C-alpha cells in the first residue's frame, strides 16, 4: 500500500484528489494539509510514502516545504510530487532542485496522477512533458553548467550513456532497445548511477545531467549532447 499526504490550500482540490485516489486499491490517503507549514508537520508525523505538494500555498510555499522535508534524514524514504496549475511556472526548476520526484499539472489526467504517485514511490519519478520543456528552456536561458563533481568520474562509459538516455526521459525499455541490453541490466546501471552520484531518483539524474553539462538543452531527444550515444534504428 502506497500512503499519500495531500497538501493543497484549496479544499475542493484536495477533495478531488482524494476521490481519484480512493479508486486505487494500492494507494491510501493518510492525511491532508492546507498550507506548507502544516504539510511539513503532517509529513513528519505520518511519514507517508508520497506527498502531493502544491507549489503555491500560504505560510510556506511548496518548494520550501519540500526542501525542509527532503533535508530531514527522518524523511529520507519519502518522495514529493509537485502539483501546479501553471505550465510556465518559473519555480519548476527550483522545485526539482529541492528534491521533488515528480511534477504534474493539475489538469493532468487522473491516470497520469496515479502513475506519477506509483513512479515516485518506486523511486522512478515522473515529470509532465509540458513541464520538462520548461526545465530545458530554463537551462537554456541560464548560466553555463557548473563543473562536474569528482563523483561523475566514477561512472563507467556505459553508465554515462545510460545517464544521457535517462536525461532524455527514456524508459528502461527504450534504453534497453537502444543499447541492445536487457531491462534488468538498465535497472542495474541506473541503480549504480544513483548510488555513485548520491541522487534520490531518476528525476534528480535529469537535473544533475543538465546542471553539470552531461547533456545540453535541445540535444537529448536525438542524444546529440556531450558524449551522448546515438540511438540505434528501431
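General remarks:
- Taking the criterion of being out of contact with any helix residue (DSSP H, G or I) (no Cβ under 6 Å at 6 or more places or on another chain) and buried (at least 20 other Cβ atoms within 10 Å of the Cβ), the only residue of segment 5-20 that qualifies is 17.
- Qualifying residue in segment 35-56 (condition: surrounded by fewer than 24 Cβ atoms within 10 Å (Cβ to Cβ), assigned by TED's automatic domain parsing to the domain that holds residue 106 and over 20 Å from residue 99 (Cβ atoms)): no
- Cβ pairs under 6 Å, 6+ apart, first in segment 55-71 and more than 17 Å from residue 120 (Cβ to Cβ), second assigned to a helix (DSSP H, G or I): 57/36; 59/36; 59/37; 60/36; 60/37; 61/36; 68/40
- Some residue of segment 1-16 being modelled with pLDDT of 95 or more, over 22 Å from residue 111 (Cα atoms), in the same structural domain as residue 111 (by TED's automatic domain parsing) and not in a loop (DSSP other than H, G, I, E, B): no
- Those residues of segment 172-229 which are over 19 Å from residue 154 (Cβ atoms), surrounded by fewer than 15 Cβ atoms within 10 Å (Cβ to Cβ) and at pLDDT below 80, in sequence order: 218, 221, 222
- The residues on offer are 171, 182, and the sole one that is outside the structural domain of residue 119 (by TED's automatic domain parsing), without any contact (Cβ under 8 Å) to a residue 40 or more places away in the chain and out of contact with any helix residue (DSSP H, G or I) (no Cβ under 7 Å at 6 or more places or on another chain) is 171.
- Among (1) in contact with a strand residue (DSSP E or B) (Cβ under 7 Å, 6 or more places away or on another chain); (2) within 27 Å of residue 199 (Cβ to Cβ) - the single one residue 73 does not satisfy: (1)
- Some residue of segment 22-34 being in a helix (DSSP H, G or I) and assigned by TED's automatic domain parsing to the domain that holds residue 73: yes
- Residue in segment 37-62 that is farthest from the chain's Cα centre (by Cα), counting only those that are assigned to a helix (DSSP H, G or I) and closer than 22 Å to residue 107 by Cβ: 39
- Test: residue in segment 63-75 that is assigned to a loop (DSSP other than H, G, I, E, B), crowded, with 16+ Cβ neighbours inside 10 Å and in the same structural domain as residue 7 (by TED's automatic domain parsing): no
The values are calculated or read from the model by the stated rules, or taken from the named source; none is laboratory data. Predicted model only: the values in this text are computed from it and were never measured. Because the Cβ atoms are built from the backbone with ideal geometry, glycine has one as well, and the counts that use them run over all protein chains shown.
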